Amino acid sequence: MSIEEKENVVFDYFQPEDYPDFKEAMILAYPTMPDAYWKENQINILLDKFPEGQVTIKVDGKFAGCALSIIVDSKSLGKNHNYKQVTGNYTFDTHTNNGDTLYGIEVFITPEFRGLRLGRRLYDYRKELCEKLNLKGITFGGRIPNFHTYSDQMSPKTYIEKVKTKEINDPVLNFQISNDFHPTKVLKGYLEGDDASNEYAVLLEWDNIYYEQPNLQATTIKKYVRLGLIQWQMRLYNGLDELLQQAEYFIDAVSGYRSDFALFPEFFNAPLMAENNHMSEADAIKELAKYTPLIVSKFSEFSISYNINIITGSMPELKDGKLYNAGYLCKRDGSIERYEKIHVTPDEAKVWGMVGGSELRTFDTDCGKIGILICYDSEFPELSRLLAEEGMEILFVPFLTDTQNGYSRVRICSQARAIENECYVAIAGSVGNLPKVHNMDIQYAQSMVFTPCDFAFPMNGIKAEATTNTEMILIADVDVDLLRELHHTGSVRNLSDRRKDVYHLKKKN
């Protein structure tokens, strides 16, 4: 029998007049526990407390199944509980509209209508309700009705593992796992009278990826984020003021398109070294480093006045006598945070005497958690993986490359970072020539925004791309919610499928 052979499938809220049919259907659904059905007064209490949580399915007018649920406070409930406790000894006094978790207390399809995927509709409704009410997730104690045939051979834990690896068929647990519920704990003595499960149950959970922690402040985390990438033309400037004037022009431009971020390239201020071209490369870049505090201060002013988060690319910076390649995140709320290039290139070390930094971290913004890696750092996958483990959703890579070879390394590695870390990656570089600056003669760049490769994203993993070697801005919108869906329901799940039992990665203090 298929769903196509049925004329009418009705999904609706549980009504008081449904009770006689419900009782009959529940007895059919649980033949080993004929007396284990909800009483009419109990159903009426549920309907009064939480009508949205009680739904039915009828096929051709016949009661086929239902799903009953309450809202509980997960902290008060805890992981160790039984059915009586979670239902308040069947009074449902544990239900609270101020709770954070949807708890499933009943779901069944009668034998006549099994195999029509009606149960999936009930689970899907619960998920939609959970998202609508902004709850953390769904949880319930799942029966394991086939366990009694194996209880003399193995523990419940072993039984569950064998069900997961398909060595044992448990239609109830298999169905729940296939609907994205994950086992978190074995509950002993969960449902009194459930002999088929030896009164064991599996605590199953589903996480609402759209859940937002209630915030009493007048702030929100944006779901749609607009990125403004600045493909900067290297040209000679008549001093710092002229360079800042050009920078402000681009910030004004991307801000005019209501961008949330402006990304500058690595060493975008290198043209200021022209006035010291008579010096050695090492001395000239130390002179350039003197401008860094002034540029950061001015960029912070721009971030406030243009209401945009500015990633300053990178600049040379002297700190405790050592020369670093560093940049700053100037947030539109006025705060400033610093990041460093961890891996300096052989040329940076040899010609300029630069040293690598040691601080690696993510940054909280009004658009979620971001990471920033400067150029060469994008070619070391460990760094972005550590940032991903901290919750990074957008990775910014300011870069500077002289040849197409160098650019290809940054581009290809950055695109790989988007796939393996299930995040967006934005890269921005400089174009043009600086004939009067040693070690900065030519530039090659194509700024781009990369995405993971799955159905919700572009097939080739490229959201937007600038014209090669042309001064311009690139504007691109990214949807952060798509990443959260990918983490849980993607065709492949690079983050969650890592074999941490075989290898692990950790950051040193």
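Structure summary
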| item | result |
| --- | --- |
| DSSP-defined beta bridges in the chain - what % are antiparallel, rounded to 5 | 75 |
| Other-chain or far-sequence residues with amide H under 5 Å of Thr362's (modelled H) | none |
| Calculated [θ] (222 nm, deg cm²/dmol) that DSSP helices of n ≥ 4 give over the chain, each run adding -39,500 (n - 2.57) | -8000 deg cm²/dmol |
| In degrees, nearest ten, helix 40-49 long axis to first principal axis of the chain (Cα) | 20 |
| Cβ-placed point charges (K, R +1; D, E -1), dipole of the chain about Cα centre in debye, nearest 20 | 880 |
| Exposure proxy order (Cβ contacts within 10 Å, fewest to most) of Val449, Val72, Val296 | Val296, Val72, Val449 |
| For segment 224-480: lysine pairs under 16 Å (alpha-carbon distance), excluding those fewer than 8 apart on one chain | 12 |
| Charge context of Ile374, other residues only, Cβ under 9 angstrom, K/R +1, D/E -1 | -2 |
| Tilt relative to the chain, helix 292-305 - C-alpha long axis, 0 to 90 degrees, to 10 | 50 |
| Within segment 224-480, percent of DSSP bridges classed antiparallel, to nearest 5 | 60 |
| Local net charge near Lys507, Cβ-Cβ under 12 Å (Lys/Arg +1, Asp/Glu -1) | 0 |
| Scattering profile of the chain at q = 0.09, 0.10, 0.12 Å⁻¹ [log10 I(q)/I(0), Debye over alpha-carbon scatterers] | -0.75, -0.84, -1.02 |
| In order through segment 158-169: 3J(HN,Hα) via Karplus (6.51 cos²θ - 1.76 cosθ + 1.60), integer Hz, x for Gly, Pro | 5, 4, 5, 4, 6, 5, 5, 8, 6, 6, 10, 9 |
| Rg ratio (alpha-carbon, reference 2.2 N^0.38 Å) - segment 3-207 | 0.99 |
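Values quoted throughout were computed directly from the atomic coordinates according to the rules given, and no laboratory measurement underlies them. This is a predicted model, so every value here is computed, not measured. Glycine gets a Cβ as well: all are built from the backbone with ideal geometry, and neighbour counts include every protein chain shown.
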